[in-house]
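Undergrad: Quick one: the structure is below, and I'll ask about it shortly.
The values are calculated or read from the model by the stated rules, or taken from the named source; none is laboratory data. Note that the coordinates shown come from a computational prediction; the quantities given were computed from them, not determined experimentally. Cβ coordinates were reconstructed from backbone atoms using ideal geometry, including for glycine residues, and neighbour counts include every protein chain displayed.
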Amino acid sequence: MEFVVVSKLVPDLVEDLEVNAEGTALDRQFMKLVLNEFDEHALEEALLLKETYGGRVTVVAPDAEGVDEVLYTALAKGADRAVKVTGLGEGLSSRGLAGAFADLLPSLGFDLILTGVQAADDLDGQVGMLLAGALDLPHVGVVTGVELVLERRTARVRKEYAGGVLAEFEVQLPAVLGIQAARQPPRYAPVSKVRQAMKEGKIEEVEGRVPPTVGVTVQRMFKPEAASRAQMLEGTPQEVARQILAILEERGLLR
Amino acid sequence: MPKPGIDKVEKIFEKDVAVLEGMDISGHWNRMFEQRVVWNYDTEVLERITGLPGGESLGWCYQCGKCVPVCPVDMVGDYGPRKIFRKVQLGIDLFRDPDLWLCTTCMNCLRVCPKEVNMIEIMPAVREVAVQDGNVPPELQKVFENTFKYGNPMGESPRKRAEWVKDAGVPVTILPASPRPVDVLWYVGSYPSYHPRGKDAARAMARVFYALGVDYGILGHEEKEDGDSIRLAGEKGLFEMLAESNIRTFQKYTFNRIVVTGPHEYNAFKNLYPRYGGTYDVLHYTQFLAPMIPQIRARFVRELPYVVTFHDPCYLGRHNGEYDAPRELLQAIPGVRLVEMPRCRENGYCCGGGGGGMWLDGFSRDFTRERLSDRRVREAVEVGADVLAVCCPYEVSRFEDAVKATGNDGKLLVRDIIELLDEAMGSPRVR
């Protein structure tokens, strides 16, 4: 079984995000990048599948600052191959990214492609679907659990719906899955194993190609404008309590 | 693999007629059993542990029990160093047992152990294997990941490590921004850099250093977690990475000595970094300031009419033998009356934060009746203190939580010694 995890890095919210001078994108100067959290779950699910059914896990990510650390961490967790896709540039749209992956993945080989259901940077949730479309494969999104039915070459997957309803699908392989959450929290990669992976330096580099795509452009990016502000009450607890009471009475919230 | 068990008694000795000193004692009361033979304990786990570098001494335990009354965790739960040996001997898998994460490496058991069973080496060695196998309590895993990514356990922005400086009210030399040779490299530490109450101590330190004319600088965003507690919690690889990184950073600057805010970094820099090529003249800040008491006295402008008790940090006291410098500083403050808790100095009670305990409060809760810090705060209240003085950055937040949790809010203040010095030198009292 060839499991391929399609991933990307997103801005790390540990640093304050600033909009660039043009007001069209995030300022990347002091931005730190981390693996998209949903992709971390896709990797965990792939590793669990490999442990159950055997096979190989390949992790693919576009080149970005910090991608080596992310890929070595994936190798330390048990991935077999790590592929860095160069030349895709920054801030690629979901369509561009899906196109680049669709172009690359046939050369890597796959039985099941897993990707995070969405990414925190664009909240598009489209890469999995567009990739499935481009490769003419079935797709299930918002998946929270995967098992394989080897004799039928299918995957049985659980999908989450709103309102706490779950559905089970059986999908023909190869397929693309958008992972919402792995069956268990992403495992820990001991630093000694990460450093060992760094020493071995097994990251493969391939030149990516973005097929011509139509798309959307960001016209304006801006921070939310405050409509109203919180009012801070000051004074002793008794005074504050009296003020709260007055406000509640004034707004007709007391009966 | 035979199942653990014991042989039934094989032989019974009972004399038909027994006469002792002329008295006939025949009957079942002269019955004796042949000594029972323990024949098939599963020693695999014990051998696996004693086979680890650092794990050897577990096999030396002869169950005397001297550790029982001194282990801080034994007092609040079922865990105990003596029990660890017995349980392992009986076949529990320490590599997967909750007991593995309860030891705070406070070293009080080793202090009294006639066989030198060294939990400070055993626990990290076994934890290291558990970490490699992925058996890490989730809250600790998060701390490891944060420290790996950001260089601090709380997952804060490395760029903001020196942000506390803005509100210090005195100039602070941040060496990466303005490099120059300094007498003292002050390693601030993660909690003083980021924790709100830790920052209070950092600012107090900056003001005291300024008042005393100390020639010093800090490393700002280049400083990373020292890693000592990370190592004791079992992530040796991460510790080594941090040590190498900090040593590389230290090499970039010219200084005579390192002064640290916390006992854990003191232990790391003094006792472990030399193994990785970094040998320094390291002082805990209380050791740095104690010889300057005459100059400090000249700066005092205010009496602090407090009854103060002092909590010995395990890694300054027991681990490194410094009990006097903090007390000298406290006694120099005009108005302060120092009272000791029954468990002090060599027998000081652990706050629960060492050896990874700082990041395992949620985990430990299921296995302990109360937090170690709660118990310690009660001891401070019992001796009539109105200030619990500390000099480890883990402790201010731990004990302040404990003051609230034990219903002693308003009765006991928790202050770093540096905050008390700063207050006596005229800075407004914290909060």
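Undergrad: Exactly one condition in (1) acidic (Asp, Glu); (2) closer than 17 Å to A:Ala119 by Cβ; (3) assigned to a loop (DSSP other than H, G, I, E, B) is false for A:Glu45; which is it?
TA: (3)
Undergrad: Inside the range A:184-199, can you point out the residues that are loosely packed, with under 15 Cβ neighbours inside 10 Å and either free of Cβ contacts under 8 Å to residues at least 40 places away in the same chain or of a type in the set (A, V, I, L, M, F, W, C) (or both)?
TA: Taking the range A:184-199 as the starting set, the residues that turn out to be loosely packed, with under 15 Cβ neighbours inside 10 Å are A:184-185, A:196, A:199.
The answer is A:Lys199, and nothing else.
Undergrad: Restricting the range A:15-36 to residues that are within 12 Å of chain B (Cβ to nearest Cβ) and touching a strand residue (DSSP E or B) at 6+ places or on another chain (Cβ under 8 Å), which is surrounded by the fewest Cβ atoms within 10 Å (Cβ to Cβ)?
TA: A:Leu17
Undergrad: Then there is this: Scan (1) in contact with a Leu (Cβ under 9 Å, 6 or more places away or on another chain); (2) surrounded by fewer than 23 Cβ atoms within 10 Å (Cβ to Cβ); (3) without any contact (Cβ under 8 Å) to a residue 60 or more places away in the chain for the single condition B:Cys113 breaks and write down its number.
TA: (1)
Undergrad: Which count do you get for residues in the range A:133-150 that are assigned to a helix (DSSP H, G or I) and aliphatic (A, V, I, L, M)? It would help to see each step written out before you state the result.
TA: Start the filter on the range A:133-150 by keeping residues that are assigned to a helix (DSSP H, G or I), which leaves A:133-135, A:150.
When the remaining residues are screened for being aliphatic (A, V, I, L, M), the result is A:134-135, A:150.
Residues in the range A:133-150 being assigned to a helix (DSSP H, G or I) and aliphatic (A, V, I, L, M): 3 in total.
Undergrad: List every residue pair whose Cβ atoms lie under 6 Å apart, where the two residues are 6 or more positions apart in sequence or sit on different chains, the first residue falls within the range B:125-140 and is at the interface with chain A (Cβ under 7 Å from one of its Cβ atoms), and the second residue, located anywhere, is crowded, with 19+ Cβ neighbours inside 10 Å.
TA: B:Val131/A:Pro190; B:Val131/B:Gly234; B:Val131/B:Glu235; B:Gln132/A:Pro190; B:Gly134/A:Tyr188; B:Val136/A:Tyr188
Undergrad: Out of the residues in the range A:164-204 that are charged (D, E, K, R) and facing another protein chain (nearest Cβ under 10 Å), state the one that is farthest from B:Gln132 (Cα to Cα).
TA: First, the residues of the range A:164-204 that are charged (D, E, K, R): A:168, A:170, A:183, A:187, A:193, A:195, A:199-200, A:202, A:204.
Restricting the remaining residues to those that are facing another protein chain (nearest Cβ under 10 Å) gives A:187, A:193, A:195.
Values: A:Arg187: 11, A:Lys193: 8, A:Arg195: 13 Å.
Filtering first and then ranking leaves A:Arg195.
Undergrad: Only one of A:Val140, A:Val146 is under 17 Å from the mean Cα position of the chain (by Cα) and over 26 Å from A:Ala197 (Cα atoms). Can you tell me which? Don't jump to the end; show me each part of the working.
TA: Numbers: A:Val146 fails: under 17 Å from the mean Cα position of the chain (by Cα).
Unique residue meeting the criteria: A:Val140.
Undergrad: While we're looking at this one, here's another question. For the range B:298-316, name all the residues that are under 30 Å from the mean Cα position of the chain (by Cα) and of a type in the set (A, V, I, L, M).
TA: Within the range B:298-316, B:Leu304, B:Val307, B:Val308, B:Leu316 qualify.
Undergrad: Which one of the conditions (1) closer than 19 Å to A:Leu71 by Cα; (2) of a type in the set (S, T, N, Q); (3) over 16 Å from the mean Cα position of the chain (by Cα) does A:Asn20 fail to meet, given that it meets all the rest?
TA: Of the numbered conditions (1) closer than 19 Å to A:Leu71 by Cα; (2) of a type in the set (S, T, N, Q); (3) over 16 Å from the mean Cα position of the chain (by Cα), the odd one out for A:Asn20 is (1).
Undergrad: What tally of residues in the range B:48-81 results from selecting those that are in contact with a helix residue (DSSP H, G or I) (Cβ under 7 Å, 6 or more places away or on another chain), assigned to a helix (DSSP H, G or I) and among the charged types (D, E, K, R)?
TA: Residues that pass the stated criteria total 1.
Undergrad: In addition: Inspect all residues belonging to the range B:127-141 and state whether any of them is under 17 Å from the mean Cα position of the chain (by Cα), within 25 Å of B:Leu238 (Cβ to Cβ) and of a type outside the set (Ser, Thr, Tyr). Spell out how you get there, then give the answer.
TA: The initial filter retains those residues of the range B:127-141 that are under 17 Å from the mean Cα position of the chain (by Cα), namely B:127, B:140.
Retained after the next criterion (residues that are within 25 Å of B:Leu238 (Cβ to Cβ)): B:127, B:140.
After this cut, where a residue has to be of a type outside the set (Ser, Thr, Tyr) as well, the list is B:127, B:140.
The answer is yes; a qualifying residue exists.
Undergrad: Within the bounds of the range A:104-124, is there any residue that is surrounded by 17 or more Cβ atoms within 10 Å (Cβ to Cβ), over 15 Å from the mean Cα position of the chain (by Cα), closer than 30 Å to A:Ala167 by Cα and among the acidic types (Asp, Glu)?
TA: Yes, because at least one residue in the range A:104-124 is surrounded by 17 or more Cβ atoms within 10 Å (Cβ to Cβ), over 15 Å from the mean Cα position of the chain (by Cα), closer than 30 Å to A:Ala167 by Cα and among the acidic types (Asp, Glu).
Undergrad: Assess whether A:Leu104 counts as being at pLDDT 95 or above, in contact with a strand residue (DSSP E or B) (Cβ under 8 Å, 6 or more places away or on another chain) and under 13 Å from A:Thr58 (Cβ atoms).
TA: On the way: at pLDDT 95 or above: yes; in contact with a strand residue (DSSP E or B) (Cβ under 8 Å, 6 or more places away or on another chain): yes; under 13 Å from A:Thr58 (Cβ atoms): yes.
Here the answer is yes, as A:Leu104 does meet what is asked.
Undergrad: Of the conditions (1) aliphatic (A, V, I, L, M); (2) more than 23 Å from B:Gly213 (Cβ to Cβ); (3) assigned to a helix (DSSP H, G or I), B:Ile296 satisfies every one except a single condition; which number is it?
TA: Looking at each condition in turn, B:Ile296 falls short on (2).
Undergrad: Considering only the range A:184-208, state which residues are touching a strand residue (DSSP E or B) at 6+ places or on another chain (Cβ under 9 Å) and not in a helix (DSSP H, G or I). Please lay out each step first, then the result.
TA: So in the range A:184-208, the residues touching a strand residue (DSSP E or B) at 6+ places or on another chain (Cβ under 9 Å) come out as A:197, A:202-208.
If the condition is that a residue be touching a strand residue (DSSP E or B) at 6+ places or on another chain (Cβ under 9 Å) and not in a helix (DSSP H, G or I), then A:Lys202, A:Ile203, A:Glu204, A:Glu205, A:Val206, A:Glu207, A:Gly208 are the ones that fit.
Undergrad: Another question, then. Checking A:Lys202 against (1) modelled with pLDDT under 95; (2) exposed (fewer than 13 other Cβ atoms within 10 Å of the Cβ), which single condition isn't satisfied?
TA: Every condition holds for A:Lys202 apart from (2).
Undergrad: While we're here: Looking at B:Val214, B:Val259, can you tell me which residue is touching a residue at least 12 places away in the same chain (Cβ under 8 Å) and more than 25 Å from the chain's Cα centre (by Cα)? Steps first, answer last, please.
TA: Details: B:Val259 fails: more than 25 Å from the chain's Cα centre (by Cα).
Going through B:Val214, B:Val259 in turn, just one is touching a residue at least 12 places away in the same chain (Cβ under 8 Å) and more than 25 Å from the chain's Cα centre (by Cα): B:Val214.
Undergrad: Which members of the range B:148-164 meet the condition of being more than 9 Å from chain A (Cβ to nearest Cβ) and in contact with a helix residue (DSSP H, G or I) (Cβ under 7 Å, 6 or more places away or on another chain)? So that I can check it myself, show each step before the final result.
TA: Pass one, the range B:148-164, residues more than 9 Å from chain A (Cβ to nearest Cβ): B:151-154, B:161-164.
Residues satisfying the conditions are B:Gly151, B:Asn152, B:Pro153, B:Met154, B:Arg161, B:Ala162, B:Trp164.
Undergrad: Given the range B:361-426, what helices (runs of 4 or more DSSP H) lie entirely inside it while holding 1 or more residues that are buried (at least 20 other Cβ atoms within 10 Å of the Cβ) and within 16 Å of the chain's Cα centre (by Cα)? Can you show your working first?
TA: On the way: elements: B:361-364, B:372-382, B:393-405, B:417-424.
Output list reads B:361-364, B:372-382, B:393-405.
Undergrad: Just to be sure I understand, how many residues within the range A:21-42 are touching a residue at least 12 places away in the same chain (Cβ under 8 Å) and part of a loop (DSSP other than H, G, I, E, B)? Even if it seems obvious, please write down each step before you answer.
TA: Residues of the range A:21-42 touching a residue at least 12 places away in the same chain (Cβ under 8 Å): A:23-26, A:28, A:30-42.
Among the residues that remain, those that are also part of a loop (DSSP other than H, G, I, E, B) are: A:23-25, A:28, A:30-32, A:36.
Total satisfying the criteria: 8.
Undergrad: Right, here's the next one. Quick check on the range A:151-183: of everything there that is part of a loop (DSSP other than H, G, I, E, B) and surrounded by fewer than 11 Cβ atoms within 10 Å (Cβ to Cβ), which residue is farthest from the chain's Cα centre (by Cα)?
TA: Quick first cut of the range A:151-183, residues part of a loop (DSSP other than H, G, I, E, B) only: A:153, A:161, A:165, A:173-174, A:180-183.
Now drop any that are not surrounded by fewer than 11 Cβ atoms within 10 Å (Cβ to Cβ), which leaves A:161, A:165.
Numbers: A:Tyr161: 19, A:Val165: 23 Å.
Only one residue tops the list, namely A:Val165.
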